[in-house]
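To start, the structure itself, in structure tokens.
The values are calculated or read from the model by the stated rules, or taken from the named source; none is laboratory data. Because the structure is a prediction, the values reported are computed rather than measured. Backbone-built Cβ (ideal geometry, glycine too); neighbour counts: all protein chains shown. Keep in mind that these areas ignore ligands, DNA and RNA; they rest on the heavy atoms of the full protein, side chains included. Shrake-Rupley method; radii C 1.70, N 1.55, O 1.52, S 1.80 Å.
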Amino acid sequence: MRFCLVGDWMQFDRLKRREFITLVGGAAAAWPLAARAQKSGKIARIGYLSTANPRSMPSFQAFEQRLRDLGYIEGQNIVIEYRNAEGEVDRLLDLAADLVRLDVNVIVTATDPATRAAKGATTTIPILMMAINYDPIALGYIDSIARPGANVTGLFFQHLELLAKRFGLFKEMLPSVGRVAVLSDSLTADQLKMLVAANRSVGLELQPLDLQNPPYDFENAFRVAMRSRAEAIFVLESAPIFRGRTQIAQLAMKNRLPTSFAFREYVEVGGLVSYGVNFSTMYRRAAEYADRILRGTKPVDLPVELSTKFELVINLKTAKALGLEIPPALLALADEVID
């Protein structure tokens, strides 16, 4: 019979306990953040600062769904604090300050004014921006794409660079059109300048229609377009114009005018064609950025991501209603055709 001395047994016991602790520690490190948060009772908080209500937008629903895919269940291990300025940009500073008082883990912003307000409200809470159609470097929100600096990171897309190609595709779709009305507002001056430059090699007659108070003056703009015998509408992009996308699509159909847009959301409500980024894809990626921040990655270590995938979407049902025949080459090029 073999006996074990007390000292030997204590040494053996310490070795076993050390192995057990290592095993459990390794397993805990492998748990998803959301599961660890639920076990510990901690709830992550995301602040969402916007100029309009985002929750009905498919793109924001994609953001929420991707968070669920990553293990975040609202009300259990995560809370999203929504702050909506309801179109009143002046309210954003107070709303941003409110999110700072709540000590949220990250603030998500979808517009330039919201990013500016969040940046002014905190230098410590991470800010996850969706820099759509504004340059965060020129505005001083980040130092560079590769090394954002400070507390701001996110995704960056300027459809200004795609505008000439979108214009060219529209011309290819409508080879006989000679006069195009252009919907613009005070936020789209750079786009209008780029469009005029792109038109020098195309030679269409452009008629800028400056919207003073979108979406309330859409009907008047279309009346002016019809009086001047416009044959198509090219829509420049801003948040106020985007919010009126359904009305624009309806007015264009009523007046039998083909339309070109930057985003598929217009085409989904009856517009003819769009060329640009997919918002839902961007928002799903933003959710992954939020996850990394909640896991402890600092914004300075998260390079700002430039969108590089663009899509051509054509509403064939609208084309048929307008009596248009889309060139087969464009249909073949389209990423999606809505029947």
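One decimal place: the segment A189-V269 gains 26.2 nm when fully extended, by the rule 0.36 nm per residue minus the C-alpha distance.
Solvent-accessible surface of the range 202-339, averaged per residue with a 1.4 angstrom probe and all protein chains in place: 46 square angstrom. Over the C-alpha trace of the range 54-150, radius of gyration and Dmax come out as 13.9, 39 angstrom. Each label point was placed 7 Å from the Cα along the Cα-to-Cβ direction; for A97 and T281 their separation is 4.1 nm. Scanning residues 5 or more positions from V79 or on other chains, those with amide H under 5 Å from its amide H are A44, R45, I46, with H placed 1.01 Å from N in the peptide plane. In the chain, the DSSP-assigned H stretches of four residues or longer account for a calculated mean residue ellipticity at 222 nm of -12500 deg cm²/dmol, using -39500 (n - 2.57) per stretch and the full residue count as denominator.
Summarised as an ellipsoid, the range 134-185 has semi-axes of 36, 12, 7 Å, derived from the eigenvalues of the Cα gyration tensor scaled by 5 and square-rooted, with the largest first. The accessible surface of the range 73-199, taken with every protein chain in place and a 1.4 Å probe, is 54 percent carbon and sulfur. Here the accessible area is traced with a 1.4 Å probe on the protein chains. For the range 209-339, carbon and sulfur cover 49 percent of it. Positive-end ranking of Q158, T122, L169 along the dipole of the chain, with charges on Cβ about the Cα centre, is headed by T122.
Set against the 2.2 N^0.38 Å expectation for a compact globular protein, the range 178-262 has a Cα radius of gyration ratio of 0.99. Put simply, the Cα atoms of the range 235-339 extend 55, 31, 19 Å along their principal axes, the longest span coming first.
Rolling a 1.4 Å probe over the heavy atoms of the protein chains gives the range 55-102 an accessible area of 53 Å² per residue.
Remark: the range 115-245 carries a charge dipole of roughly 100 debye about the Cα centre, counting +1 on each Lys and Arg Cβ and -1 on each Asp and Glu Cβ. Of all lysines in the structure, those lying under 21 Å Cα to Cα from K119, and not within fewer than 8 positions of it along the same chain, are K298. Residue-normalised convex hull volume from the C-alpha trace of the chain: 186 Å³ per residue.
Annotation: extensible slack from D90 through K298 equals 72.0 nm (criterion: 0.36 nm per residue apart, minus Cα-Cα distance).
To the nearest 20 debye, what is the magnitude of the charge dipole of the chain about its Cα centre, counting +1 on the Cβ of each Lys and Arg and -1 on the Cβ of each Asp and Glu? Provide the component values of the computation, followed by the final result.
Values: 40 positive and 37 negative charges, 161 e Å.
Result for the chain is approximately 780 debye, rounded to the nearest 20.
The length gained on full extension between I137 and A197, counted as 0.36 nm times the residue separation minus their Cα-Cα distance, comes to 19.2 nm.
In the chain, taking the dipole from charged Cβ atoms about the Cα centre, the farthest positive-side position among V300, S260, A221 is held by V300.
Charge tally around M130: other residues with Cβ under 11 Å, Lys/Arg +1 each, Asp/Glu -1 each, net -1. Legend: translational diffusion of the range 125-282 by Stokes-Einstein, Rh = Kirkwood radius over C-alpha pairs, 37 °C, 0.692 mPa s; D = 199 µm²/s. Quick one: if you stick a label point 7 Å off each Cα along the C-beta vector at K254 and Q65, how many nm between them? Simple spin-label model gives 3.2 nm for this pair. When nucleic acids and ligands are ignored and a 1.4 Å probe is applied, L331 ends up with an accessible area of around 60 Å². Pop the C-beta distance of L324 and R55 into the FRET formula with R0 = 35 Å and round what comes out to the nearest 0.05. About 0.50, to the nearest 0.05. Taking all protein chains as they are arranged and a probe of 1.4 Å, the heavy atoms of L93 leave approximately 110 Å² accessible to solvent.
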